[in-house]
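Here is the structure we will look at, set down as structure tokens.
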Amino acid sequence: MKTWMRLALVPTALILVGGDKPEIVSQPIANARTFAATGKWLVDPKVLEGDFARAGDNPWQVALVLPGGESSSRVLFCGGSLVSPRMVLTAAHCVDRGTSASALEVVVGATDLARDGKRFKVALIRLHPTYISPNQGDDVAILELDSDATPLGKVVPLIAAGDTLADAPGSSVRATGWGATSLGSGPVRDLRTIDLSILSNKQCNDPVAYDGAIGTSMVCAGDKRFGRDTCQGDSGGPLTGIVRGARTQIGVVSWGEKCGLPDKFGVYARLTALPWAQRCVADRATC
Amino acid sequence: MQRWNFPAACLLTLVATPLCAQLPPPPDWSLEVKRPARRALVIGIASYDNARQLITPRMDAEQFAQTLTALNFNTVDRASIDGRSERSILLAKIAAFKAKLEPGDLAVVYYSGHGVQVNGINYLVGSDGTAKPEYPGLDWISVDYVIGEIAKAKAAVTVLVLDACRADPFTGTADDDRDIFDATTAGPLATAGVQGLAPAGGPLGPFVIAFAAQPRMVAYSRTSTDPLTTSSIYTRHLASRLVRNAPLGRALAGVDTDVAGATDGRQKPMSSLSQVWDLPMDGLKPESVTTEEEWAFVVSTIPIGQLVAQLTDFVSFHPISVHAAAARAKLAQIAAEPPSVPQPQPQPQLPPPPPPVENTAILLGALQSTRMVDGKVTAVTNSPVSVRERRKGGANFGIVSAGSRVQLLESKGHFARILAPDGRFGWIEGVNTVNREQIKLDVRLGFSSGDEFADANDWTPLGDAARKLSAPSTAVTIRTGRGSVSDVGQSRLVGRVRALRIREYVLRLGVPPERVVVLENDPGVDADEARISVLKVTS
């Protein structure tokens, strides 16, 4: 989710105030509702210039969708990853602002989002205790599902906190998601994947990039080829790398300035600096 | 305040009674006259650690800076005068320039030096730039970054001039003379081993970008007979055109001709003007009479939705007008006003059958058509309106302030479903739609010349239709085509001025302003034509 983009779209002439209290949901959910009702995707898209994922290659990938029956359309607003049989790791900004657990469902086991997998209800949403906004870091949340999802999906291991070799500059990483691939269109049907490289926070804090806005709980990934990036709809999805021979999640799609712009790299929650996520998965009493 | 020029006065003579009335006095808020600041950052880099040295940038920067000073620019910053600026220095200069800019200013950035394009992205190369960086933007400076930084300062218009399309900076020898034009031997420069800059349209918004050469072509620095102390072919011609006091668009068109002529057609500059129609470069040049007339029409516009649309258009057409500050301030004030106006009550009668949205010729009431954008009618709210989940009930999503631009998704009787730009959508009430089938009279005006100085006879059909135009229970739509002058910006301005003059005339006939809709530069109307339609209003 590119939060700066969303802000840029709000016109100064528009003031929405007062009235009966509308239901509060996160901005990605609000945007998904607009898309479902009007066909207009109001924020920029996600995996740009990626490739189609092969079915079964990313069994931990899940989709966060608006609630509905098994036969109703799956309206995507974010991604996530299965990190335990009943836990999904996603971005906090996907489920913030007091979003209730009944305002979303999780699709597990899908590559073709229109056809594969099954919906799971969410029992509880846990935001990182110090999360305020994506730009301020700590942009992770855990969703507790109401039932075991492993019959359809597979759990991805999380990188250990402090294992800084895994997200060292130059490391190869992979992001996945169903976000749209062109400006203004909706999410895609088939899961897409893109290989990127980790940048140092010094590179990402260059004046032409994010000019000091990248904190210790964030990590940037990009590609020499301009235009390869993640974007809206991919938020919350996993950034994975090969660690000691196994694909391991090292980040969560978080934010960036628009999508695919030169020098505006994708920003991810850095799991090696967020031990809360690992602790919460290991022992829910510590969440 | 009377600021009529000749064609408007001609219109006034057509129908005696209503037009003898004086224009109402201009509102107080419109009286502020403020000349926007003109600020420039001029960069010339000749000295490079890893690339070919250049001869002309020192002189280019000097000449361009002198030209802008002569045009009464308020400030002209220089990156360096010795022809050397490392990336960090350039970034600091850009940051300092941005900090100096205020909303409403004219910002000009001039660059002479090496430019490189990689994967369609244009970069400026600092003195310490390397040949093949892993991430080009972290070693050079992308033009997009420069544009983006200046955009953050909310300048009224940003002008970026790039005399940077030289041959590949990282190949050849230090004394390479490939980019010196020799009329006896010269061939096209864009061949293997050289790379010009990529095409760039610039971002949305008021913006001008000018290149010394066409996309992916390279530019000559000087001719073989020029002394070493001369500036580049492009810069010297641009400076010459600017000091002749032409608006920027006209000056750039002239430079294209000059440079092509000086290089036997082998170098052709290119420029892109986005939404910039009227850009006088001289800081002391007085406002044109036509612009003053247009401003008088704009400030007298009611209701508020149309005023917002007209002020927005005025700022777009005349971003550095002396009236632009007043227009922007009024727009900001309207946007900030608390929504204190009571909501219109639901109509007691049953709504008529819903017209298809695409057949809606005119919107009246709470939502009003204002102008054509990309061939589609856009609408603004004419008062603060409640947005509800359903037509009659459901959650109240809040209030959209007066003057907000919305998209019409669906229309049912006096209700309309709208999409606000922030993604919220719902139903509003108090909308009155009129179908094209309800047109009672069509008046066609044909203008004998393509500019804004129309002949008095051109207005005759309007005078003949005066009685029907002012009939009760009618609304009037005014649609104008563009002027047939060659300059795109000027042709749109002509269409706009004609529409405003017709609107003023219709209002003087007594038609209520909330029943007059102006759709200027409608692509469905031929150039140098106007269509005035009288429509029957049922409610």
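Just so you know, all these numbers are worked out from the coordinates, no wet-lab data involved. In this text, all values refer to a predicted model and were calculated from it rather than measured experimentally. Quick reminder, even Gly has a Cβ in these numbers, built from the backbone with ideal geometry, and neighbours come from all protein chains shown.
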Evaluate the distance, in nm, between pseudo-label points positioned 7 Å from the Cα of B:ARG78 and of A:SER71 along their respective Cα→Cβ axes.
7.8
Using a simple charge model, +1 on the beta-carbon of Lys and Arg, -1 on the beta-carbon of Asp and Glu, nothing else, what dipole does the stretch A:172-273 show about its Cα centre, in debye to the nearest 20?
300
How many angstrom lie between the C-alpha centres of the stretch B:250-298 and the stretch A:242-281?
49
Determine ³J(HN,Hα), in whole Hz, for all residues of the stretch B:27-42 in sequence, where each value follows from phi through the Karplus function 6.51 cos²θ - 1.76 cosθ + 1.60 and θ = phi - 60°; x replaces Gly and Pro.
x, 4, 5, 7, 7, 5, 10, 9, 7, x, 6, 10, 10, 9, 10, 10
On a straight-distance basis, which lysines could pair with B:LYS132 in a cross-link, Cα separation under 28 angstrom, same-chain partners fewer than 8 positions away excluded?
A:LYS202, A:LYS224, A:LYS258, A:LYS264, B:LYS93
Antiparallel DSSP beta bridges within the stretch B:436-536, as percent of all bridges there, nearest 5:
80
Residues whose placed amide H lies under 5 Å from that of B:GLY115, excluding near-sequence neighbours:
B:ARG166
Contour minus Cα-Cα span, B:VAL488 to B:SER449, at 0.36 nm per residue, comes to 12.5 nm
At R0 = 25 Å the Cβ-Cβ FRET efficiency linking B:LYS154 and B:ARG35, nearest 0.05, sits at 0.90
Taking the Cβ of B:VAL443 as the centre, find all other residues whose Cβ is under 13 Å away and add up their charges (Lys, Arg: +1; Asp, Glu: -1).
+2
Between B:LYS412 and B:ALA99, 0.36 nm times their residue separation minus their Cα-Cα distance comes to what?
107.7 nm
Using θ = phi - 60° and Karplus 6.51 cos²θ - 1.76 cosθ + 1.60, couplings along the stretch B:507-516 (whole Hz; Gly, Pro as x)
5, 5, 6, x, 6, x, x, 6, 10, 10
Can you compute the modelled spin-label distance between B:SER240 and A:SER133, with each label point 7 Å from Cα toward Cβ, in nm?
5.3
For B:LYS536, give me every one of the aspartates and glutamates with a C-alpha distance below 16 angstrom, ignoring sequence neighbours fewer than eight places off in its own chain.
B:GLU437, B:ASP442, B:GLU514
Roughly how many nanometres apart are two label points built 7 Å out from the Cα toward the Cβ at A:THR150 and B:PHE170?
5.1
Could you list B:THR381, A:THR99, A:THR240 in order of exposure, starting from the residue whose Cβ has the fewest other Cβ atoms within 10 Å?
A:THR99, A:THR240, B:THR381
Residues in the stretch B:86-124 reached by a label modelled at B:SER47 [backbone nitrogen below 15 Å; 7 Å Cα→Cβ]:
B:86-90
What FRET efficiency do you get for A:ASP116 and B:LYS392 if R0 is 41 Å and r is their Cβ-Cβ distance, rounded to the nearest 0.05?
0.50
Return the long-range amide H neighbours of B:VAL108 (sequence gap of 5 or more, or a different chain), with a cut-off of under 5 Å between placed amide H atoms.
B:ARG39, B:ALA40, B:LEU41, B:VAL159
